[in-house]
Amino acid sequence: MSVEVRQVNKTFGSYKALQDVSLKVNSGELVALLGPSGSGKTTLLRMIAGMEVPDRSQNSEEGKILFFNQDVAKWSVSQRQVGFVFQHYALFKHMSVFENIAFGLRVRPRGQRPSNAQIHDRVKQLLQLIQLEGFGDRFPMQLSGGQRQRVALARALAIEPKVLLLDEPFGALDAKVRQKLREWLRRLHEQMHTTTILVTHDQEEALEVADRVVVMNQAKIEQIGTPEEVFHRPASEFVIDFLGSVNVFSGRSSETLKGESKVYVRPHELQISRNSIDHTSISGQVQKIHRAGASAKVFVQTDNDQKVRVDVPMNQLQSLELGIGQQVFITPMQAHVFSPDYTI
Amino acid sequence: MSVTGTMQARRLPGFGLTLGFTLFYVTLMIALPIAALLLKASAVSTTELIETLKSPRVQASLRLTFGASVLAALINTFFGFVAAWTLVRYRFIGRRMIDSLIDLPFAMPTAVSGIALMAIYAPTGLIGQHLIPWGIKTAISPLGVLIALVFIGFPFAVRTIQPAIEELDIEAEQASASLGASRLQTFTRVTLPSLLPAALTGFTLALARALGEYGSVIFIAGNLPMRTEIASLLIVSRLDENDVVGACAIAVVMLTATFGLLLGIQAIQWFIQRKTGRS
């Protein structure tokens, strides 16, 4: 089912949480809302779930939330049939894992409620899906963080939601578990094709899992695109800065004749060499080398006193025989240029 | 690494000192007086004890004490829950005022509470005079005992349930709603069960307080033997008559029953916590 948000605004007191935000998520798509804390991504998600109400507006076309072209802005949370997964699981601590998952089925009105046997089968199926067979009798407090979050996901899936909404689902877990669950979530999505919206502040997570990424900053959407698009063709300085580390040069390069432009170059887009390659090469001195990782991080101080990070593959680092204090040249292989914004 | 090794390493410094102090304190302030009481009571022969307990007057007073206390604790748990819920979940003018009023029965000398209650519930009192025509006697009746016990137990219920409501997981309620539960279903299936342990503790404290209450009850109760005489009063009057043995016998029964009751409720708490892994 497609989900559409049309020109919504949300203010908390004097604080603007969302400013004229529009977004369309296609049926069966997995979209990540990515941004720093305070960017409005969670507010947007909660609004889609019905836990927040958009600000009223004079214009009737504004502030709409559409589920499959049907305006649901006035529907309550329970009417929207969304599966919501919280960062801190929000499991029912007094219920067993089995009862947690069965909850959504048990609270249905008498006419639509499945029989006990049906509920049993469904929960068993879901326990299998989250690889926690035999854990039905446990209580949430007896599970690890990763297990709890899988239970929370199964509980949300039990009601066969039209949309699955995940609010920083792996935010409270350690790196290893997060990585595993991320891959598992992607596989799960490929099996079920439930329209899914995921909120995260982890750019790696968003780029790896999502079909499309929505980058948010200060209550607004900065860019919507596939992971490749937002990474390789960032639409704004914020996007390139947020998606991984980047070196900033103020416009001195030949490409930037406009004067005050800024040039953004990612550490892996810089080439390091003993000799100058062309007119864009900048000379500098090696300050520090971090060898832990897939490629080495070389920190170079340029002659005009700028600190630059260059990612160098290990074998290249060896053949270059770099050492601290070494005189080197760095040459951008690719660059993103942003001219200053005069719209203010 | 041996298990004891890790235990030793993990133990915070100061364990010996604080445990020693706790044991000393508990012994001196609680165990010793109780031991003295038991020693006194042991002078009572079993036949004497049984004789005392067979006395209809003693039986009536024990029935009244335990009956009224349990009933008062139940009432307090229910209304204490409502009051705590109101104070935590809603913002209104005078909230802080009500919040501090609730503590008053804690601080008031019990005799003062008794006199205050008498002023209201006596047959000529503010409320009592309007209830008499309806045939409801609020003073010098078991109902009076109940009123006094409700009065002094209320803050215990409110103050134990209140923090539990404050710490409720709002997200669990939102999760419940997102799963299609109505407000009532969320309340009865999610909110209420999470508050059960706190409510049980509130009930226990209110009950414990009511069982031992003396000062605020004796005025309004009227202390009619067989009708409105509570156990603590009976103990005092036995002591007045220099009947230490009789007083001890009743005290031992009270003590045993109270201890058993508290232990039983503890066991229920412990069972809930162990079952859900919340210990």
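Each residue of the stretch B:145-153 was assigned a 3J(HN,Hα) from its phi angle through the Karplus curve 6.51 cos²θ - 1.76 cosθ + 1.60 (θ = phi - 60°); the sequence is 4, 4, 4, 4, 5, 5, 4, 7, x Hz, with glycine and proline shown as x. Annotation for A:Ser76 and A:Asp211: the two label points, set 7 Å from Cα along the Cα-Cβ direction, are 3.2 nm apart.
Placing unit charges on the Cβ atoms only, positive for Lys and Arg and negative for Asp and Glu, gives the protein assembly as shown a dipole magnitude near 1320 debye about its Cα centre.
A Förster distance of 60 Å, applied to the separation of the beta-carbon atoms of A:Asp20 and B:Phe78, puts the FRET efficiency at 0.75. Summarising the amide proton neighbourhood of A:Thr226: residues at separation of 5 or more, or on other chains, whose placed amide H is nearer than 5 Å comprise A:Val213.
Qualifying chymotrypsin sites (Phe, Trp or Tyr not before Pro) in the stretch A:9-94, where qualification requires a DSSP coil assignment and no more than 15 other C-beta atoms within 10 Å, comprise A:Phe68, A:Trp75. For chain A, the longest principal axis of the alpha carbon atoms and the long axis of helix A:97-106 meet at an angle near 60°.
Averaged over its residues, how many other protein chain Cβ atoms are within 10 Å of peptide A:99-107's Cβ atoms? Neighbouring Cβ atoms belonging to other protein chains average 4 per residue here. The ranking of B:Leu261, A:Leu127 from fewest to most other beta carbons within 10 Å of each one's beta carbon is B:Leu261, A:Leu127. Mean sequence separation of contacting Cα pairs (under 8 Å, at least six apart), scaled by the length of chain A, corresponds to a relative contact order of 17 percent. The order of A:Trp184, B:Trp270, going from fewest to most other C-beta atoms within 10 Å of their C-beta, is B:Trp270, A:Trp184.
Let me know the mean shielding of A:158-171 by other chains, meaning the per-residue number of their Cβ atoms within 10 Å of its Cβ.
Numbers: counts 1, 3, 0, 3, 0, 0, 0, 1, 0, 1, 0, 0, 0, 0.
Going residue by residue through A:158-171 and averaging, the value is 1.
Over the stretch B:84-163, what is the mean sequence separation of C-alpha contacts under 8 Å (at least six apart), divided by residue count, expressed as relative contact order in percent? Working shown, then result.
Numbers: 53 pairs, mean separation 27.9, N = 80.
Reported relative contact order: 35 percent.
Taking springs between alpha-carbon atoms closer than 10 angstrom, which of B:Ala199, B:Ala139, B:Ala43 fluctuates most in the Gaussian network model of chain B? Largest GNM mean-square fluctuation: B:Ala43. Phi angles of the stretch A:23-36 translate, via the Karplus equation with coefficients 6.51, -1.76, 1.60 and θ = phi - 60°, into HN-Hα couplings of 7, 10, 10, 6, 4, x, 8, 10, 10, 9, 9, 10, x, x Hz per residue; Gly and Pro are given as x. Look at the stretch A:82-91: the mean tally of other chain Cβ atoms within 10 Å of its residues' Cβ atoms is 4.
Close amide H contacts of A:Gln271 (hydrogens built in the peptide plane, cut-off under 5 Å, sequence separation of 5 or more or a different chain): A:Thr331, A:Met333.
Solvent-free Debye calculation, one equal scatterer per alpha-carbon of the protein assembly as shown: log10 I(q)/I(0) at 0.05 Å⁻¹ equals -0.41.
Taking Cα atoms only, the orientation of helix A:175-192 departs from the longest principal axis of chain A by about 60 degrees. In this calculation the C-beta distance from A:Gln334 to A:Lys297 is compared with R0 = 22 Å, giving a FRET efficiency of 0.75.
DSSP loop (so not H, G, I, E, B), at most 13 other Cβ within 10 Å: list which trypsin sites (Lys or Arg not before Pro) in the stretch A:41-79 pass both filters.
Passing both the DSSP loop test and the Cβ count: A:Arg56, A:Lys74.
Pairs from the table (A:Lys24/A:Lys74; A:Lys220/A:Lys307; A:Lys16/A:Lys64; A:Lys16/A:Lys74) lying more than 23 angstrom apart at Cα are A:Lys220/A:Lys307. Let me check against my output: what whole-number percent is the relative contact order of the stretch B:47-278, with C-alpha pairs under 8 Å and at least 6 apart? Value for the stretch B:47-278: 32 percent.
Label 7 Å along Cα→Cβ of B:Ile120; the stretch B:80-96 residues with amide nitrogen under 18 Å? B:80-84, by backbone N distance to the label point. Think of each Lys and Arg Cβ as +1 and each Asp and Glu Cβ as -1; about the Cα centre, that makes the dipole of the stretch A:42-104 roughly 140 debye. Residues whose amide H comes within less than 5 Å of that of A:Ala296, counting only those at least five positions distant or on another chain, are A:Val312, A:Met314 (H built at 1.01 Å from N in the peptide plane).
GNM on chain B, alpha-carbon springs under 10 angstrom: the most fluctuating residue among B:Gly260, B:Gly180, B:Gly215 is B:Gly180. Looking at the square roots a ≥ b ≥ c of the eigenvalues of the Cα gyration tensor of chain A, which shape do they give, rounded for a/c under 1.5, prolate if a/b is larger than b/c, or oblate? Since a/c reaches 1.5 but b/c is at least a/b, the shape of chain A is classed as oblate. In vacuo Debye scattering of the stretch A:249-338, one point per C-alpha: log10 I(q)/I(0) at q = 0.10, 0.24 Å⁻¹? Listed by q, the Debye log ratios stand at -0.24, -1.26. When chain A is treated as a GNM, springs tying every alpha-carbon pair under 10 Å, which of A:Ala235, A:Ala206, A:Ala117 comes out with the largest mean-square fluctuation? Largest GNM mean-square fluctuation: A:Ala117. Calculate how steeply helix A:145-158 sits against the longest principal axis of the alpha-carbon atoms of chain A, using the helix alpha-carbon long axis, and give the answer as 0 to 90 degrees to the nearest 10. Between the helix axis and the principal axis of chain A, the angle is about 50 degrees. For the stretch A:72-172, the average shadow cast by the Cα convex hull is 6.8 nm², which is a quarter of the hull's surface. Under the shape rule built on the C-alpha gyration tensor, where the axes satisfy a ≥ b ≥ c, the stretch A:164-221 is oblate, since a/c reaches at least 1.5 while a/b does not exceed b/c. Farthest toward the positive end of the dipole of the protein assembly as shown, out of B:Tyr25, A:Val286, B:Ala72, is the Cα of B:Ala72, where the dipole comes from beta carbon charges about the Cα centre. According to the square roots a ≥ b ≥ c of the eigenvalues of the Cα gyration tensor, what is the shape class of chain B, taking rounded for a/c under 1.5, prolate for a/b larger than b/c otherwise, and oblate for the remainder? Judged from the Cα gyration tensor, chain B comes out oblate (a/c at least 1.5, b/c at or above a/b). The label-point distance for B:Leu38 and B:Met97, in a model that sets each label 7 Å from Cα toward Cβ, rounds to 5.1 nm. Computed about its Cα centre, the charge dipole of chain A is approximately 1300 debye, with only Lys, Arg, Asp and Glu carrying charge at their Cβ.
Derived scalar couplings between HN and Hα for the stretch A:13-19 equal x, 9, 8, 8, 8, 9, 10 Hz in order, rounded to whole Hz, by the Karplus curve 6.51 cos²θ - 1.76 cosθ + 1.60 (θ = phi - 60°), x for Gly and Pro.
Quick note: the coordinates plus some simple rules give every number you see, no bench work behind them. The model shown is predicted, which means the values in this text are computed figures rather than measured ones. Positions of Cβ are backbone-derived with ideal geometry, glycine not excepted, and every protein chain shown enters the neighbour counts.
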